[in-house]
Amino acid sequence: MMGQEKLSFHERKQIEKLKQLYSKHDFWDTQPVLTTAKQRGQELKEGEIVHKQIKDISNEPLPLPAGFEWSSIDLADEKQATEVYELLRENYVEDSENTFRFDYPIDFIRWALLVPGYKVDWFVGVRVSKTQKLFAFISGIPIKTRVKDKTVKMAEINFLCVHKKLRTKRLAPVLIKEITRRVNLTNVWQALYTAGVVIPTPITTATYWHRSLNVKKLIDVGFNQLPSGMPMARYQKMQKVPKMSEVYLIGEVRPLVQKDIAQVYKLLVTYLEKYQLKLRFSEQEVSHMLLPRDGVIYSYVVENPEKKQITDFVSFYRLPSSVLKKVGHNHDHINVAYSYYNVNTDNSLLELMRFAIVKAKEVGFDVFNALDIQDNHEFLTELKFSQGDGYLHYYLYNWHLSQDLGSSDVGIVLV
Ligand SMILES: CC(C)(COP(=O)(O)OP(=O)(O)OC[C@H]1O[C@@H](n2cnc3c(N)ncnc32)[C@H](O)[C@@H]1OP(=O)(O)O)[C@@H](O)C(=O)NCCC(=O)NCCS
């Protein structure tokens, strides 16, 4: 008899993913997304799955259970922004062991959502009528997505959150249908979104990689484990972050400022060309996304001093997580940097990212995260990132791709 086969973590995840895709999805099976049933039944053409017109869309919001009401959230208003912040702080995404929960700062939420051309109507809240307390939220922002050789107007959907007290009552599908209705009424029929969970059907799956910057704290809070048999001092030495004097960049590095935007915009657009999935930004959007905001987004350019030309840039955003299990330490947060958009021409991506890591450590981050999308494989191992157990699945709503993409075909970073 053969012994019990031992599957690796990633094999188990792969099997879980297949199970999810082949099981019944009461909601998603009714939506214009690729499901295994549809896949088997017919040959779908690449592109839009279901074609509708504004006249097919109801002007009335979806009904909510008695005692609840819809509320568009004006994030420019301090009080309403705080309500969203608090809902997310207490109820948003946790890791699989419930040790950490994202704690998106208010300024971050505003940066992510109050983008050029935003619509308050796409910041959808659900309140309890009597108390007006916010119990659920979902957001959309307008984007232009380039999928292979087509440019498609879409909504980028994010921050889907239902209060813990209201879970598993099928409120999430109502939120998704309501935001779809509001988006459709503006003649937009596609959406882009990411999730840690598997639903029908990812177009690609990316993996998170982590570079420790504050080794002891990450072990104390349970983010990392000390490799068995290894003394802390040795591990710290292995993970030591280089000094700034050990970063060799050609050109002068400084924070990005407004007058750089025209050049950075051109660099970014040209650089993204090679990816199968990317956003078509306007210059105004690039300015909004990349100009530094303290505690939110950090961007640096490398300038050729003779030509006064920007040759490269690197950026990362700050998304702290609350530490939920405080055993044997008293840290309430980990300060996490996430790689954002980076472009290299004169320098290697490896050297640029070495700069980013050293800078992130200098500014006080505990860990630097990056997905294995874009060209990130060029630096992950060399810069001592380790592969995490978190996945990020990318999805398109009402758009069929005849083949899945590889994670390195993806040029989009969603926050
Ligand atoms: C995600 C969340 C809103 C789902 O709400 P819920 O109360 O657990 O689930 P509901 O009973 O309302 O709805 C279940 C349906 O939503 C779907 N669903 C769950 N999570 C989803 C997600 N992240 N994106 C899209 N659909 C999702 C389920 O697949 C299910 O549909 P199905 O029957 O077709 O499979 C809720 O769990 C939550 O707020 N979690 C913490 C924050 C979070 O993870 N947000 C998503 C970030 S991508």
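Data for the structure
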| quantity | calculated |
| --- | --- |
| Filter result for Ser322 (under 23 Å from Asn369 (Cα atoms) and within 22 Å of the chain's Cα centre (by Cα)) | yes |
| In segment 374-403, the residues that are within 12 Å of Leu192 (Cα to Cα) and either under 17 Å from the mean Cα position of the chain (by Cα) or hydrophobic (A, V, I, L, M, F, W, C) (or both) | His393, Tyr394, Tyr395, Leu396, Tyr397, Trp399 |
| Flag for Arg170 being outside the structural domain of Thr381 (by TED's automatic domain parsing), within 16 Å of the ligand (Cβ to nearest atom) and either charged (D, E, K, R) or surrounded by fewer than 20 Cβ atoms within 10 Å (Cβ to Cβ) (or both) | yes |
| Strands (runs of 3 or more DSSP E) (entirely within segment 304-344) containing at least 2 residues that are of a type in the set (Val, Ile, Thr) | 309-318 |
| Subset tally (residues that are surrounded by 16 or more Cβ atoms within 10 Å (Cβ to Cβ) and part of a loop (DSSP other than H, G, I, E, B)) for segment 74-98 | 4 |
| Total residues in segment 65-98, condition out of contact with any helix residue (DSSP H, G or I) (no Cβ under 9 Å at 6 or more places or on another chain) and more than 15 Å from the ligand (Cβ to nearest atom) | 7 |
| Where a residue in segment 20-34 is open to solvent by less than 30 Å² (accessible area, probe 1.4 Å) and its partner, wherever it lies, is charged (D, E, K, R), with Cβ under 8 Å and at least six apart | Phe27/Arg170 |
| Subset of segment 99-108 [among the aromatic types (Phe, Trp, Tyr) and either assigned to a helix (DSSP H, G or I) or farther than 15 Å from Phe123 by Cβ (or both)] | Phe100, Phe102, Phe108 |
| Hey, Ile143 of a type in the set (Val, Ile, Thr) and within 16 Å of the ligand (Cβ to nearest atom) or not | no |
| Those residues of segment 302-340 which are open to solvent by 20 Å² or more (accessible area, probe 1.4 Å), touching a strand residue (DSSP E or B) at 6+ places or on another chain (Cβ under 6 Å) and free of Cβ contacts under 8 Å to residues at least 40 places away in the same chain, in sequence order | Asp332 |
| Tally of residues being more than 25 Å from the chain's Cα centre (by Cα) and either of a type outside the set (Val, Ile, Thr) or not assigned by TED's automatic domain parsing to the domain that holds Asn214 (or both) across segment 242-257 | 10 |
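Residue-by-condition table, conditions (1) under 26 Å from Trp28 (Cβ atoms); (2) free of Cβ contacts under 8 Å to residues at least 60 places away in the same chain; (3) outside any loop (DSSP other than H, G, I, E, B):
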| site | (1), (2), (3) |
| --- | --- |
| Ala356 | no, yes, yes |
| Phe365 | no, no, no |
| Gln374 | no, no, no |
| Leu380 | no, no, no |
| Leu383 | no, no, no |
| Gly390 | yes, no, yes |
| Leu396 | yes, no, yes |
| Leu405 | yes, no, no |
| Leu414 | yes, no, no |
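The values are calculated or read from the model by the stated rules, or taken from the named source; none is laboratory data. Quick caveat, the model's predicted, so the values are computed rather than measured. Note that each Cβ is placed from the backbone with ideal geometry, even for glycine, and that neighbours are counted across all protein chains shown. With ligands, DNA and RNA removed, areas are computed over all heavy atoms of the protein, side chains included. Shrake-Rupley method; radii C 1.70, N 1.55, O 1.52, S 1.80 Å.
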